[in-house]
Structure formats: C-alpha cells, structure tokens
C-alpha cells in the first residue's frame, strides 16, 4: 500500500487517504475504540515543518479542516480512533492496568521515512484514564512539542510532534490552566507495558500475537531466529542501551522511566517531567515528584536495565523449554544491554572530547573531566560547547585544576587528526531545551503570543549552530533555579 501513495500529500488528498491502523487488526483485547473529545473553539499554537516533511505533507497542510481534526472535533474518512491498554511498573512498583489515559490513535500515514502512527494526546477521557480527566494543558503540550523536535534535531531516537492546538477550555492541575492537544507520531507506540499487561494476566495467546505483530512490522529480522522472542528481547536491549547512552551524553533526564514509558523501538517516549541539566550533578533529579531519586540522571542506565528485566519476565512465556533454562536464555538476551551500553557511552564521551580513536588513558581522562564538572557544578552544555577554547576556563573557579586537566586533554589530542574543535562542535550542542527557555515560551503562549514557541522551535532545529540570539546559549538566569517540573508536567 505504501508504494501506491504519493511522496507528498496535498490537503485534498490527506482527507481521502485510507488511514490504516495496523494495531487495530490485533483485535479488541488490545484497545477500546472511542471518539476523541474535541476542544471548543480551537486554534493553532504551533506546527513542525520538519515533522510535516517527514510525513510528506504539503507546506499548506495546516488549514481549517486539519485544525478540527487535530483538535479532536472531526475525523477524516478512514480514521479509526482507539486507546490501547497496557500495564506496567511505576517507580519500581507493579501498578496493574494502565493504558492510553489521554491518547487517541488515529491511524497511519506513510511518509518519506516510512509509516507513522498518529496520536492525539490530550483529547479527553478513555477507559484507561483512571481518575484523570484525559486532558493535556498548554504548558505540558508546549514542552512535549518542543522537546520531541529538539531531540530529533540532536539525532536522538524519539517520538515526533506534528502540531499543537489549544483552546480556552479550563483544566485543573496544581492551578487552573487551559487545554491543548499535541499530535505526536512514531512508527509504533508499543511499550514494555503492553507486553507486561498480557503476560501478567496469563493471556499468552494475546502476548504471542503482540510479539508477532511487532516482529512482523518493526523487527522482521527477528522472525527467522531460532526463538524470535529472544531475538526481539535482544534487539530492544540494544536499542535501549544506545538510547540511554545518547541521553547521558547531552545531559537529558527523562524523569519518569516507568516501564509503561519505555518504547519497544528504543524511542524517547512520553515527555513529562523531563529536563536538560544546567549545572552538572550526577544526582540531579528533574522530577519534583521523584522524592527518592529513583530516576536521577546517574541512575538512568541502571533503571534501563531494570526495566528490561521486567520486559524479559513478560516475554518469558514465549520461550520454549523448561522454565529455568528459558529464563537463563532470556537473561542472556537482555544481557546484551551491558555489553552495548558501556562502549556506547564511552564512544559518545570520547566524541565529545574530540577523540576519534581509543587509548588506554581515555577512561581516566573522561572520568576526571566529569569529576571536575561535578565538583563545581559547572554548566554541562556550555562546558562541552566551549571545550578547546579559552572560554572554557572561565567556567571554573579552580582554574589550576582545569588547566591541569586541559593540558592532559591537549596531549591526548596530539594523537588525533587535526580538526578537533570542529569535531567537538559537531556533537556538543550550543542550544538544548533548557527549562527556562521552555518557560519563556510557555508564559508568552499563556498570554496568547505563540511567536516564542515558533522561534524556539527554529533555534532547536539547528542545535549545533550558534544561535542568532546569544541568550539562547547562555547560562540560565537565577530565577530558573526555582523552576520545578512534576508528573503533572
């Protein structure tokens, strides 16, 4: 079917596409079909040209008809909205049944980079909302929209965000706010928690059907393995290791790495209380609700492995043989995580220091650098961006300690090809979505001015270029230290 579709959709064609939803073919045990609850008198907040291009949409796709569709008030023919059921571990504790509490799957488009499922996030209650209202607020929607596109520009696997629509509809969180909907997309939104749900409830036929579905559409190379479920577990472990190594290298903290927020495709999924570190602190907790620091920055690699153990347990009924032998095979499959993670992380740190080769002294050089940053709580993004320039030294109080490390760094670069500064600039971003940048855009938007959201999106789309406004790449203001994000974000 994909080959029969055009490379670029016009507005008229978009409304007459088949909008397949392959997930729906799994049957009603996996979801509930229901209509979105639209926004009254919606308006556009922002659209992502890069994401629209990924889908092959025409430049003028965001018309009045699209506004109604992506605000939950209308459906194009063929759209079949549904909310999926899953379960999961939240903060390390089994939480039972969860599900798409505020997300409605619309269907799929096949664009320039393959097929993408589209979801409305914030389009009202579903059977899985529990005590929630199924809504998203403008504040959190802007954060997810900007960070989804920022992460993509950084080259980090992520769900994408096509647009935000909003309304004056009141929504209560810690205070009264207004409603918004993010249209987000991914090749698949299947999570670890989908598998946990059916395994925990002893529904092994559905568990196998889900694994077969994922392998058929997203991991076909696993189909010919002796035990496809083991091959799938190993692939997910590899992708998760690479993903978290990428997070660590840019100082990104997810904030709520529950198993129901872990993608089976190794994508950054569910932007809630996330944050990019300003001052480097391995113990940094970006989620105000995470009182024990389970998801602190330094814990993310181990939490990823913990979550893979939960997935492994869920997939175990699909492994033939005696339980003990099957368990050993599954643990070996996800054990690839540790084999992949350490070299993936080391490679990224070497790249950030301008190194293209590997030498015995690199590990100590990297560890001492991170120790310097942590000891003085030096700004993470600026320190790496300024490496190799005199401006880096100005970030440190203990100049002698920095000078000593810098001399070792320069000696190490002597074994490398020329062009270290250019290499470092290519991997160390000038701009990331710091909390205060997002907050400035949010405050303006709450007053009806969406220009800062659009401007910031443009800046974040080229993170390795120096921004026109130096403040986008400057130290955060003092008031930024008081910003807090929680699970309501």
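Things to note:
- Number of residues in region 441-451 that are buried (at least 19 other Cβ atoms within 10 Å of the Cβ) and free of Cβ contacts under 8 Å to residues at least 60 places away in the same chain: the value is 0.
- Tally of residues being in contact (Cβ under 8 Å) with a residue 40 or more places away in the chain, within 20 Å of residue 92 (Cβ to Cβ) and either assigned by TED's automatic domain parsing to the domain that holds residue 90 or part of a helix (DSSP H, G or I) (or both) across region 292-329: 15
- Just one of (1) surrounded by fewer than 20 Cβ atoms within 10 Å (Cβ to Cβ); (2) closer than 16 Å to residue 246 by Cβ fails for residue 337. It is (1).
- Residue 64 meets all of the listed conditions (1) free of Cβ contacts under 8 Å to residues at least 40 places away in the same chain; (2) under 19 Å from the mean Cα position of the chain (by Cα) but one, namely (2).
- Selection status of residue 120, under 23 Å from residue 214 (Cα atoms), touching a strand residue (DSSP E or B) at 6+ places or on another chain (Cβ under 7 Å), in contact (Cβ under 8 Å) with a residue 12 or more places away in the chain and not in a strand (DSSP E or B): no
To keep it simple, each residue is scored yes or no on (1) under 20 Å from residue 266 (Cβ atoms); (2) over 29 Å from the mean Cα position of the chain (by Cα).
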{"site": "312", "(1), (2)": "yes, no"}
{"site": "325", "(1), (2)": "no, yes"}
{"site": "333", "(1), (2)": "yes, no"}
{"site": "346", "(1), (2)": "yes, no"}
{"site": "364", "(1), (2)": "no, yes"}
{"site": "378", "(1), (2)": "no, no"}
{"site": "401", "(1), (2)": "no, yes"}
{"site": "412", "(1), (2)": "no, yes"}
{"site": "418", "(1), (2)": "no, yes"}
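- Extreme residue, nearest to residue 260 (Cα to Cα), among residues of region 200-211 that are in contact (Cβ under 8 Å) with a residue 12 or more places away in the chain and assigned to a helix (DSSP H, G or I): 200
- Filter result for residue 106 (in contact (Cβ under 8 Å) with a residue 60 or more places away in the chain, farther than 21 Å from residue 178 by Cβ and part of a strand (DSSP E or B)): yes
The values are calculated or read from the model by the stated rules, or taken from the named source; none is laboratory data. Since we're looking at a predicted model, the values are computed, not measured. Positions of Cβ are generated from backbone atoms using ideal geometry, with glycine treated the same way; all protein chains shown enter the neighbour counts.
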